[in-house]
């Protein structure tokens, strides 16, 4: 299910709780030990992303319509960028992330994307292994970690590893 503008405050809270601060340490996707700061994203930045041409947030909601997971997708030519896969820390390892990844792949196929790619902090070995189990592979590409400290300060030198998955059966 796609998120909309009204979902932005809940998405910001979810994404920040999954990646930063003490709450994130309840799950296994935390970056709190490598990046100092409580924010992974804020309302203006998320609003900008959701309004990008070809962008979409998919959300996973519970029976009470509360957002428990999300993933950001952005079409760029024949490629689909996947980012901010987030699941509420107390609900991680229950299959929500996998369901969101499957929805992202279905969406990419319908949008005729040839591949999905993502940026993963190279030190996140457990996360990289999880993505590999989902069919993604490491490319030779690396990108520097942004110097913008608005959303945290690295506690050590960081870089992004680019992972991708070819999409078969694009329509």
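Please treat every number below as a calculation from the coordinates, not as lab data. Note that the structure is predicted; figures quoted are calculated from it, not measured. As a convention, Cβ positions derive from the backbone with ideal geometry for all residues, glycine included, and neighbour counts pool all protein chains shown.
Quick one: in the stretch 1-24, which of the residues that are buried (at least 18 other Cβ atoms within 10 Å of the Cβ) and in contact with a strand residue (DSSP E or B) (Cβ under 6 Å, 6 or more places away or on another chain) is farthest from residue 55 (Cα to Cα)?
Only one residue tops the list, namely 18.
Taking the stretch 25-51 as the search range and keeping residues that are over 14 Å from the mean Cα position of the chain (by Cα), outside any loop (DSSP other than H, G, I, E, B) and touching a residue at least 12 places away in the same chain (Cβ under 8 Å), which one is surrounded by the most Cβ atoms within 10 Å (Cβ to Cβ)?
Among residues in the stretch 25-51 that are over 14 Å from the mean Cα position of the chain (by Cα), outside any loop (DSSP other than H, G, I, E, B) and touching a residue at least 12 places away in the same chain (Cβ under 8 Å), the one surrounded by the most Cβ atoms within 10 Å (Cβ to Cβ) is 35.
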